[in-house]
Structure formats: structure tokens, C-alpha cells
């Protein structure tokens with residue numbers, strides 16, 4: 001007789017790469033899976049990989065992957081007992097989590113209450129500050145007018161960052177260096193925040209001119225403890241959005257790492273966090289002081305590099321925690337081994353990073369020791385204009401950072417995509433860049449490579 005699965009049946013409320021990744025772990029654990037798909041995604045690998053698949057609407061996300069009523073109806077119709085939201089779409093929607101919970105389904109993620117606490121950047125900053133987590137000098141209340149912004153700026157000093165209180169992905173953030181710039185930036189940030197997030201509230205925060213973007217993976221366990229699973233360096237960014245990550249960070253020494261991990265645990269404890277989450281920080285490259293940036297109440301795109309260096313399946317951990325079970329490893333004895341890099345393979349050009357969707361006519365992927373590919377597409381699939389252009393995540397692991405970079409070079413050279421544009425040529429350049437290879441880079445690296 002075999003043990004019963006952790007969860008009866010799992011619906012994956014997402015698409016492409018992350019849906020494939022979740023379905024694979026669930027299948028390994030003997031959990032039947034349910035995929036959902038839009039009309040544009042009918043031929044994608046995640047649809048065929050699941051045990052059952054349901055069409056949920058047209059290509060537009062608002063009519064498919066963001067349609068709570070339709071996804072809930074499929075969950076009930078299919079007999080699913082749990083829902084994993086992946087990342088993006090409804091993954092950080094307290095309303096979705098509550099609807100599922102009220103319907104008697106297991107939500108594979110943090111509580112809706114925790115999500116609400118950290119979704120608002122102003123509230124999250126204040127909570128972290130009160131919990132003793134380092135934060136940048138900034139406003140504790142929304143800035144309602146330009147006059148208030150001027151007054152706040154005088155107390156913070158330039159340069160500073162104008163940020164929407166809601167939303168994420170760098171949308172609406174503007175760096176300003178003077179009162180004149182502030183007026184334009186304030187109006188622009190409010191307008192974009194209202195348009196993208198339906199929330200025009202703005203905060204001001206001291207801007208760190210030379211910073212690394214370093215984040216810590218946390219897990220809120222079923223027994224109430226919060227643990228930290230190392231850090232990831234996410235400083236390779238274009239337009240404030242990540243394109244490559246690595247773990248461990250070459251800019252973090254053991255003493256700094258211990259401080260960052262301890263702060264991340266305090267951050268999770270401050271909101272009673274359960275399941276997988278990430279505490280994002282900015283690390284000043286000159287002072288080596290770090291400050292809280294935000295908390296992501298979901299599984300991150302870049303989670304595979306944490307899995308590779310610690311030998312942990314984070315999706316399995318999520319499922320076990322959601323089911324009220326202990327994780328599959330000893331939380332007090334987490335192994336660390338080697339170095340991992342993740343390169344996000346986007347359907348975009350390598351110079352200006354503009355989207356270039358299309359039909360994939362050739363898809364030849366790299367293989368070998370230490371090479372992992374989490375992909376949402378294959379030859380014959382079409383990359384749609386309706387969704388984020390991420391096609392795959394190329395993850396390489398090796399005993400040392402130098403070896404990981406060399407392994408990544410070979411993997412990039414062995415990867416062929418014909419049809420849509422791809423940023424493979426950018427990665428070939430990045431892996432030869434002196435700043436990156438030397439580990440001395442910050443969030444301005446890509447802008448220096450593409451002035």
C-alpha cells in the first residue's frame with residue numbers, strides 16, 4: 001500500500017513555464033493535476049502535461065487567467081481540492097484566496113491577511129520598521145500633493161525614489177534629483193499608479209545610487225516557524241525588471257548574509273507568514289548596509305536557483321505546508337552546495353529589450369550536467385502578445401561561480417530559438433562582461449551595457 005498523496009487533486013491557476021514546473025512536482029508526488037488555459041494557449045505544453053485541462057476563456061487575461069469566477073467554477077467541476085496560483089495573475093490576490101478558502105479548497109500560498117499586509121508598500125514599510133527590519137528613510141503616510149512631496153523631500157534629501165504604494169514590477173517608479181524633477185515625477189507616478197493598479201497613492205524613499213538587489217527566500221512552516229533559505233542576487237535588471245539572478249550573491253559575505261537572513265525571518269514573523277515568500281532588499285555597494293524593499297507573497301520566478309543550491313523542491317514544500325504537514329527537509333540543517341545562475345529567456349530583442357512574439361519554428365535546448373531548463377514553450381508553439389514574453393528559464397549549477405559562468409556560456413551557445421526574437425545574444429554578452437564576471441556589478445549594469 002502506498003501513502004496517500006499530500007493533496008487530493010491540484011488545479012494550477014497559471015500558464016506556460018510555471019504551470020509546467022508545478023505540474024511536474026505534483027505528478028512526482030502522485031497528485032492528479034488540472035490545467036487551465038486560454039484560447040491562445042491551447043497548444044502549450046502545460047495543457048497536455050496535466051491529467052485534465054479546461055478552457056477558461058479568450059486570450060485576454062481579464063477574461064481568462066484573472067477570471068476568479070471561472071477558475072473557481074473549474075476547480076469545483078474538476079473536483080480539485082487545492083489551487084496553486086504560481087506567480088503573477090492571481091497569485092497575490094487576497095480576494096481569490098478567500099473565495100477558494102470559502103469554497104472549502106486549499107490555497108497553496110500565504111493567508112489572505114498576510115498578503116493584504118504586505119501588498120501595500122507603505123503599510124509593509126511601516127510594519128518592517130516597527131519589527132526592527134532596516135528600511136530606507138522615507139514617508140510613513142501617503143503623499144497626497146506636490147506640496148507634501150516637497151516637504152517630505154526636504155526631510156529625506158535627494159536623490160529619492162517616487163514609488164506607487166500598490167503594485168510592483170518597477171511600474172511607476174521614478175528617480176528624482178531636484179525639486180523641479182519631483183513635480184513632473186510625482187504627477188507621472190500618480191497617473192501610472194492609478195492606471196495600472198487602481199491606486200494613486202505615492203510614497204517617497206531615499207534612493208541608493210549604487211545598490212545591489214538582493215532577496216531572501218523565506219518559508220513560513222506549518223508549525224508556525226519562519227525560516228530563511230539563503231539569498232539571491234537579482235541586480236541584472238532592465239527597466240527595474242529582473243533578467244538574470246544568481247545564488248549565493250557575490251556581494252554578500254557570511255556576516256552580512258547572517259544579518260540579512262535574520263532580518264528576513266523577522267519580516268516574515270511580523271505578518272505571521274505561512275508558505276513560500278521573498279523579502280527583497282537593496283544593498284548599498286559602498287556601505288554594505290541593506291534596507292527592506294518589499295515582500296512578495298508568492299513563489300518567485302527565480303526560485304530554481306535556491307532549489308539548486310539547497311537541494312530543496314520549493315513547490316513540494318509549498319504543497320506540504322498548505323496541507324499542514326512538515327517540510328521534506330530538516331529546517332535546522334539546510335545544506336548549501338555550489339553556485340547557481342538563472343537566465344530568463346524572453347521573446348525580446350537583445351539590444352532594446354522590446355517584445356518580439358511569434359511562432360517558434362525551431363527550439364533546440366541545451367543539456368548536460370548542471371543544466372536545468374524550465375520552459376513553457378516548444379517548437380510549434382506561438383508566443384502570444386497577450387502575456388509576459390518569458391519563454392523559459394535557463395538554470396545552471398556548478399561547484400563554483402567561475403564554473404557556473406563557464407557552464408552558462410556553453411548552455412547559451414547550445415540554445416537555438418527561431419521564430420520569435422530572443423535575448424540569448426544579450427546573455428552571451430553578459431557572461432563575458434567584466435563587471436558581471438568579477439561579481440562587482442549593481443542594478444545599473446544593464447544600463448551601462450546599453451547606454
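The values are calculated or read from the model by the stated rules, or taken from the named source; none is laboratory data. Here the structure is a predicted model, which is why all the values come from computation and not from measurement. So basically every Cβ, Gly included, is an ideal-geometry build from the backbone, and we count neighbours across all protein chains shown.
Quick check on residue 31: is it more than 22 Å from residue 392 (Cα to Cα) and at pLDDT below 95? No: the conditions fail for residue 31. Close contacts from the stretch 235-261, counting a first residue that is more than 18 Å from residue 405 (Cβ to Cβ) and a second that is buried (at least 20 other Cβ atoms within 10 Å of the Cβ) and at pLDDT below 95, with Cβ to Cβ under 8 Å and a gap of 6+ residues or different chains, come to 240/173.
Would you confirm whether any residue within the stretch 427-448 is surrounded by fewer than 20 Cβ atoms within 10 Å (Cβ to Cβ) and assigned to a strand (DSSP E or B)? No - not one qualifying residue is present in the stretch 427-448.
For the stretch 403-415, the count of residues that are touching a helix residue (DSSP H, G or I) at 6+ places or on another chain (Cβ under 7 Å), in a loop (DSSP other than H, G, I, E, B) and surrounded by 16 or more Cβ atoms within 10 Å (Cβ to Cβ) is nonzero. The number of residues in the stretch 198-209 that are under 24 Å from residue 234 (Cα atoms) and touching a strand residue (DSSP E or B) at 6+ places or on another chain (Cβ under 7 Å) comes to 6.
Against the condition farther than 17 Å from residue 244 by Cβ and modelled with pLDDT of 95 or more, how does residue 400 come out, does it pass? In short, yes.
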